[in-house]
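Chemist: The structure follows.
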Amino acid sequence: MHMADALLAPTVAATMYAASGITTGLSVAKLNKEDITEKLPVMGVMSAFVFAGQMINYTIPGTGSSGHMCGGMMLSALLGPQAGFVSMAVILLIQCLFFADGGLMAYGANVWNMAFYGCFIGYYLIYRPIMNSNIKNARVKISLASILGCVITLQLGAFSVCIETLASGITELPFAAFVGLMQPIHLAIGLVEGLVTAALLIFVYETRPELLAGVNEMNATDRMSLKKVLIILSVAVLLIGGIGSQFASSNPDGLEWSLFGNEESGYSANMGLDEEDYGVSSSLANASAAVTEATAFLPDYAFSNDSENPVGTTVSGILGSAIVAVVAAFICFLTGRKRKTVNE
C-alpha cells in the first residue's frame, strides 16, 4: 500500500505529514513517561520481522494481484500502540530512503495509512476489547483480534488512499471506481495478514505470554526464555528476508493492481493508468525523487547495476532488517534514556 509521490498533491502530502508528525510526537511523549527499556530487544527484533515480512508479496488467487503484511497490529500487540507506531514509522522511512519503496513526499501519508490505523484503531478499538472480553479460550481471543483487526484496519488504510487521491484532484481516478477496486482486494490481503499475525501472536502466547497485552486474565505462564524466543524470531527474520523474499509474488500489490491492472498476465487493466505518466506532477515531487535516487543504495530491493541478480534481494532483506532493528532499538534507547534523565 506504499503510495508514490505522484498520487498526492503537495498540500495533501503536507497535511498527512502534519498528521503523522503530530502522532509521532505524542507517541514519543507518551513513551518518555514509561519505562520502555525492557522493550528494547523486542522492539528491534519485531521491527526487523515486519520489515522482512513486508518483502514477501503473496498472490491473491484469481485476481492477478498480490499483497504483503503491514504489521501495525502485530507490533502494537507486542510493543503497545505508541512504540508500535514509532517502529512502523522507522520501517517506512528506511524503506523509502534506502530502497525507494514509497515516495519521500508521500511518507506522511504512508505512515498514516499503514501505521496509524493498525497501531491505534486496531489496538484500542479491536485488539484490547477482544482480549479483555469474556471469551475463555486465549487462542480464540488472539485469532479473532488479529483477523478482525487486520481486516478492518487495512480497509481503513485503503479507503484513506482513495480519499487522499480524491483530495489531490487526480481525475484519472474516479472515486467510486477506485474504491470499488481498492476495498475488495485489501479485504483479501487483510485476511491473510490476520492469519499470519494470529500465528505469530499465538507463538508468543505459548512461549512468553507476558509480551502480549491483555494476557493478565489468562493465567498463562512462560514456557521459554526471552532470549530463546528472540533468537527464534531473529532466525525467522533471516530466513524470511534472506530466503523467503526470493519466492515473493511478482504480481503487483493491491494499490498497483488497482491503478495499473495486470494485463500482461491475462487479467484486467482496472484503472488502466500509464505507469510512466499518471497523477500529480510537482516541483516538490521532483525534489523528493531526487533525494530518494541519491539515498537508495538498493532501489526496489535490488542491486542498482544488476536488478535481475537475485542476490540483491537477499542482501536487501538481511541488510534492511538489520538496519531497521538497530534504528528502532536505538530510538527506544534514546526515549528510555530521556525518561530516566527527567526522573533524575
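The values are calculated or read from the model by the stated rules, or taken from the named source; none is laboratory data. As the structure is a computational prediction, the values presented were derived from the model and not from experiment. Every residue, glycine as well, gets a Cβ built from its backbone with ideal geometry; the counts of neighbours run over all protein chains shown.
Yes or no, residue by residue, for (1) part of a helix (DSSP H, G or I); (2) of a type outside the set (S, T, Y); (3) surrounded by 16 or more Cβ atoms within 10 Å (Cβ to Cβ):
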site: M182; (1), (2), (3): yes, yes, yes
site: L195; (1), (2), (3): yes, yes, no
site: A213; (1), (2), (3): no, yes, yes
site: I231; (1), (2), (3): yes, yes, no
site: N251; (1), (2), (3): no, yes, yes
site: S258; (1), (2), (3): yes, no, yes
site: M271; (1), (2), (3): no, yes, yes
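Chemist: Hey, among V12, V28, which residue is among the aliphatic types (A, V, I, L, M), outside any strand (DSSP E or B) and farther than 24 Å from G254 by Cα? Show your work before the answer.
Modeler: Numbers: V12 fails: farther than 24 Å from G254 by Cα.
Going through V12, V28 in turn, the sole match is V28.
Chemist: Would a scan of the range 294-317 turn up a residue that is closer than 26 Å to S258 by Cα and of a type in the set (V, I, T)?
Modeler: yes
Chemist: Filter the range 297-311 down to residues that are of a type in the set (A, V, I, L, M) and surrounded by 17 or more Cβ atoms within 10 Å (Cβ to Cβ), then give me how many there are.
Modeler: Here is the first cut: in the range 297-311, the ones of a type in the set (A, V, I, L, M) are 298, 302, 311.
Subset that is surrounded by 17 or more Cβ atoms within 10 Å (Cβ to Cβ): 298, 302.
Of the residues in the range 297-311, 2 are of a type in the set (A, V, I, L, M) and surrounded by 17 or more Cβ atoms within 10 Å (Cβ to Cβ).
Chemist: Can we say S143 is of a type in the set (S, T, Y), assigned to a helix (DSSP H, G or I) and surrounded by fewer than 24 Cβ atoms within 10 Å (Cβ to Cβ)?
Modeler: yes
Chemist: Here is a check on your reading of the model: is L166 in a helix (DSSP H, G or I) and over 22 Å from M55 (Cα atoms)?
Modeler: Here the answer is yes, as L166 does meet what is asked.
Chemist: Shifting gears a bit: Determine if the range 273-296 includes at least one residue that is in contact (Cβ under 8 Å) with a residue 40 or more places away in the chain, surrounded by fewer than 18 Cβ atoms within 10 Å (Cβ to Cβ), farther than 27 Å from L8 by Cα and not β-branched (V, I, T).
Modeler: No, every residue in the range 273-296 fails to be in contact (Cβ under 8 Å) with a residue 40 or more places away in the chain, surrounded by fewer than 18 Cβ atoms within 10 Å (Cβ to Cβ), farther than 27 Å from L8 by Cα and not β-branched (V, I, T).
Chemist: Among the residues of the range 157-172, write down those that are in contact (Cβ under 8 Å) with a residue 40 or more places away in the chain and within 19 Å of the chain's Cα centre (by Cα). Walk me through it before giving the result.
Modeler: Keep residues of the range 157-172 that are in contact (Cβ under 8 Å) with a residue 40 or more places away in the chain, which gives 157-158, 160-161, 164-165, 167-170, 172.
Listed by number, the residues that qualify are G157, A158, S160, V161, E164.
Chemist: Could you check, for the range 100-123, whether at least one of its residues is in a helix (DSSP H, G or I), modelled with pLDDT of 95 or more and over 22 Å from F159 (Cα atoms)?
Modeler: Checking the range 100-123: not a single residue is in a helix (DSSP H, G or I), modelled with pLDDT of 95 or more and over 22 Å from F159 (Cα atoms).
Chemist: If you go through the range 33-73 one residue at a time, how many are closer than 19 Å to L201 by Cβ and part of a helix (DSSP H, G or I)?
Modeler: Selection size over the range 33-73: 18.
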